[in-house]
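Input: a single structure, listed below in structure tokens.
The values are calculated or read from the model by the stated rules, or taken from the named source; none is laboratory data. Computed from a prediction, not measured in an experiment: that's the story for all the values here. Cβ atoms come from the backbone with ideal geometry, glycine included; neighbour counts cover every protein chain shown.
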Amino acid sequence: MSDTSTDRNTTGRALVAVGNGKVEFRRISVPPLTEWDIQVRLERSAISIGTESHIVGKVASADSPFIIGYAPVASVEAVGAQAARYFAKGNRVIYFGPDRTPNGPAHCCGGHQSPAVLNVNPETRDLLGPDRFCVKVPDGLGSEQAAFAGIAAVSSMGATMPGTKPGDKVLVLGQGLIGQFAAQHFRLRGAEVAVSDLNAKRLSISSVCGADHVINSSKQDTVEAVRAIWSEGADIIADTTGSYPVIESTLNALKKRGRYVFLGWCKGANFNLERFHGQKVFEAFFPWTLEGAHVLHSLRMLKQGGLRADPLITHRVDIGEAPPVYEKILNATEEYLGVVFNWDETTEGGVE
């Protein structure tokens, strides 16, 4: 075994959803390394606001707490003998979630915890596959920007699955982080992109990041606005809101034989599928996962400047000050879009 620091469990720190919309900073057990493990220490992590708000506000409870977050950026600090074939101490990596958190809370992808132990045996973990990836962050890309590559990877899959080609006309509904990165990924594939949202500030950011058309749906009818831009409608609609009323009310913005991408988290079963028959939607896509290949692509695009994360960052938070952020997000007491946590050792305050 190479670079293993201990044969016994050590402790780490994690953000844990505990019910009633609350998040706590807790100590957790970190298992010892096996020969196919690496141990990593977080540098930066970002909030996936939609996913984490759902877990914090509706799923987690005192009896069923969850370690939240996914796809953080971490530095490798110890490497098992077999894992050394692929990783070395000092590498920066981004990954879906740790494999083991003994005697502690369950984890919803478990991204907001440090240190963490990851098994990287390619026979049991597809390092580029869905929900099991662990990939290296390229040199020259800052950890703050890289922390958004996992979120951007969801959008990358959404822009890839419908076979987007140059000249396609695409409408992206919603300009949270997934929508912002979706608009950017569609443009990277040569599409002409319109975005819609109720929030003027987010639309302003969309313009900075290269959206061709912005539609303020609090002031304009989205369908009418799209038809004014493209008389036949959009070739592709990508919904990131997960809102059935939004989806139904905007279907007529799609041209006949169009393609629909469900990038939002559609919860429940109260949607009238007959609307799709009437609209003659020929293909629908459900890019519901993260995948290492799309993470790598997003990392490359962030480094090259094809994707922009900096304009999306509204809050930079030392990790010791993180728990109150979730309460503000759930109660919409402040405008949040991109939130990045700083895990530097000097910010360890707040852990009992």
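Just name the residue that is farthest from residue 120 (Cα to Cα) out of those in region 37-68 that are of a type in the set (S, T, N, Q), buried (at least 21 other Cβ atoms within 10 Å of the Cβ) and in contact with a helix residue (DSSP H, G or I) (Cβ under 9 Å, 6 or more places away or on another chain). That would be 48. Reported count of residues in region 243-295, each being surrounded by fewer than 21 Cβ atoms within 10 Å (Cβ to Cβ), among the aliphatic types (A, V, I, L, M) and over 15 Å from residue 173 (Cβ atoms), is 3. Within the set 317, 223, the sole residue that is farther than 21 Å from residue 184 by Cβ, in a strand (DSSP E or B) and not basic (Lys, Arg) turns out to be 317. Can you confirm whether residue 144 is assigned to a helix (DSSP H, G or I), assigned by TED's automatic domain parsing to the domain that holds residue 36 and either within 16 Å of the chain's Cα centre (by Cα) or more than 28 Å from residue 344 (Cβ to Cβ) (or both)? Judged against the criteria, residue 144 is a match.
Answer yes or no as to whether residue 175 is surrounded by 24 or more Cβ atoms within 10 Å (Cβ to Cβ), in a helix (DSSP H, G or I) and either touching a Phe, Trp or Tyr at 6+ places or on another chain (Cβ under 9 Å) or on the phi < 0 side of the Ramachandran plot (or both). It is false that residue 175 is surrounded by 24 or more Cβ atoms within 10 Å (Cβ to Cβ), in a helix (DSSP H, G or I) and either touching a Phe, Trp or Tyr at 6+ places or on another chain (Cβ under 9 Å) or on the phi < 0 side of the Ramachandran plot (or both).
Among the conditions (1) touching a residue at least 24 places away in the same chain (Cβ under 8 Å); (2) assigned by TED's automatic domain parsing to the domain that holds residue 50, the only one that residue 164 does not satisfy is (2).
Taken as a whole, the structure leaves residue 249 outside the set of residues that are assigned to a helix (DSSP H, G or I), modelled with pLDDT of 95 or more and polar (S, T, N, Q).
Checked against (1) closer than 19 Å to residue 217 by Cβ; (2) modelled with pLDDT of 90 or more, residue 266 meets all criteria but (2).
A Cβ distance below 6 Å, combined with a sequence gap of six or more or placement on separate chains, defines the contacts here; from region 313-328, residues that are surrounded by fewer than 15 Cβ atoms within 10 Å (Cβ to Cβ) reach residues that are of a type in the set (D, E, K, R) in the pairs 328/334.
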